[in-house]
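Chemist: A single structure is presented below for examination.
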Amino acid sequence: MTHSLHPAAQKGFSSAAELYQQVRPDYPPQIIAWLKDELQLTPQSSVVDLGAGTGKFLTYLEQVTPHSIAIEPIAEMLEQLKIVHPDVQVLHASSDNIPLPSESIDAVLCAQSFHWFATIESLNEIHHILKPEGHLGLIWNQRDEEVSWVKALADLLASYEGDTPRYHSGAWKKVFEHQFLFRLESVKLFSQLQKGTVEDVVSKRLLSTSFIAAMPQAEQLKLQQQFEQIIFEHTGKSPQDQIEFPYVTYAYHFRKIKN
């Protein structure tokens with residue numbers, strides 16, 4: 001659907017779409033109040049979930065408005081989305097070519113996705129479909145590296161990411177420099193815990209990371225053993241033991257600047 005899709009996203013997310021849906025953390029419940037208060041969404045609002053993936057964020061949008069459109073370029077991710085959200089309108093499209101009318105949408109949300117398409121072409125397209133003074137929300141769940149074992153896992157992952165676009169690199173912010181399409185209104189932080197077995201919320205969650213999911217299975221298995229060894233060394237927990245994985249959720253609110 002787009003020539004700009006990073007190979008780690010194309011290969012990793014197409015092969016691990018089902019795993020992504022199963023093991024990725026949800027979003028904190030406070031995000032619903034953020035959608036209503038910060039982005040001023042109401043039951044009448046029309047919203048786009050851009051880079052919707054398997055639809056993890058749609059669960060929260062649906063609690064605010066029934067008028068959601070999910071846009072995703074990877075077919076395998078859309079198939080998972082349709083299983084969980086069969087009634088949501090979906091578009092198999094990319095961020096730089098959104099087939100929606102000009103000024104027809106109240107808000108565009110990019111949950112765990114904007115770093116993949118942080119280009120001026122994408123911003124122009126988002127600006128085009130938003131109503132005057134429409135809203136752009138960017139949301140990311142990030143592992144809380146203040147916790148020692150989380151930092152150890154992050155350091156291991158960093159050695160494999162290469163040029164894969166990542167939130168923590170900050171490179172996505174550059175597209176907002178020297179542009180007159182959007183202004184930053186606010187940034188909010190929320191904390192949450194993902195609870196489950198070490199195997200589910202640590203090993204399988206990390207295996208759903210794009211550049212890890214794109215690896216041969218033998219390499220993934222080797223990495224899984226390393227993840228679980230780190231957890232055992234820091235906490236004494238085995239793969240079937242329960243653990244709480246700490247996350248910080250970052251929520252950025254931008255407002256469209258009228259031409």
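Chemist: Where residues in region 213-259 are assigned to a strand (DSSP E or B) and among the β-branched types (Val, Ile, Thr), which of them is nearest to Ile139 (Cα to Cα)?
Modeler: Looking at residues that are assigned to a strand (DSSP E or B) and among the β-branched types (Val, Ile, Thr), I get Thr249.
Chemist: Another question, if that's okay. Here are some residues: Glu145, Glu161. Which one is open to solvent by 50 Å² or more (accessible area, probe 1.4 Å), assigned to a loop (DSSP other than H, G, I, E, B) and touching a helix residue (DSSP H, G or I) at 6+ places or on another chain (Cβ under 8 Å)?
Modeler: Exactly one residue qualifies, and that residue is Glu145.
Chemist: Okay, next question. Find the helices (runs of 4 or more DSSP H) located wholly in region 25-99 whose residues include 1 or more that are more than 19 Å from Leu138 (Cα to Cα), and list them.
Modeler: Of the helices (runs of 4 or more DSSP H) lying wholly inside region 25-99, those with at least 1 residues that are more than 19 Å from Leu138 (Cα to Cα) span 75-84.
Chemist: Next question, about the same structure. Tell me, which residue of region 62-119 that is aromatic (Phe, Trp, Tyr) and in contact with a helix residue (DSSP H, G or I) (Cβ under 7 Å, 6 or more places away or on another chain) is modelled with the highest pLDDT?
Modeler: Step by step, filter region 62-119, then rank; the result is Phe114.
Chemist: On the given criteria, is Val198 buried (at least 17 other Cβ atoms within 10 Å of the Cβ) and either touching a strand residue (DSSP E or B) at 6+ places or on another chain (Cβ under 8 Å) or at pLDDT 95 or above (or both)?
Modeler: yes
Chemist: Further question: Please work out which one of (1) in contact with a helix residue (DSSP H, G or I) (Cβ under 7 Å, 6 or more places away or on another chain); (2) in a loop (DSSP other than H, G, I, E, B) is the condition His178 fails and give its number.
Modeler: Answer for His178: the failing condition is (1).
Chemist: Sticking with this structure for a sec: Which members of region 164-182 meet the condition of being farther than 19 Å from Glu145 by Cα and either open to solvent by less than 30 Å² (accessible area, probe 1.4 Å) or of a type in the set (Val, Ile, Thr) (or both)?
Modeler: If the condition is that a residue be farther than 19 Å from Glu145 by Cα and either open to solvent by less than 30 Å² (accessible area, probe 1.4 Å) or of a type in the set (Val, Ile, Thr) (or both), then Thr164, Trp172, Val175, Gln179, Leu181, Phe182 are the ones that fit.
Chemist: Under 8 Å by Cβ, and 6 or more places apart or on different chains, what pairs join a residue from region 236-259 that is in contact (Cβ under 8 Å) with a residue 40 or more places away in the chain and among the hydroxyl-bearing types (Ser, Thr, Tyr) with one that is in a loop (DSSP other than H, G, I, E, B) and surrounded by 15 or more Cβ atoms within 10 Å (Cβ to Cβ)?
Modeler: Tyr247/Pro25; Tyr247/Asp144; Thr249/Tyr27; Thr249/Pro28
Chemist: Condition test on Gly162, is it among the small types (Gly, Ala, Ser) and either on the phi < 0 side of the Ramachandran plot or within 14 Å of the chain's Cα centre (by Cα) (or both)?
Modeler: Criteria not met by Gly162.
The values are calculated or read from the model by the stated rules, or taken from the named source; none is laboratory data. All values derive from a computational prediction rather than experimental measurement. Cβ sites come from the backbone with ideal geometry, for glycine too, and all protein chains shown count toward neighbours. Only protein heavy atoms, including side chains, enter the accessible area calculation; ligands, DNA and RNA are left aside. Shrake-Rupley method; radii C 1.70, N 1.55, O 1.52, S 1.80 Å.
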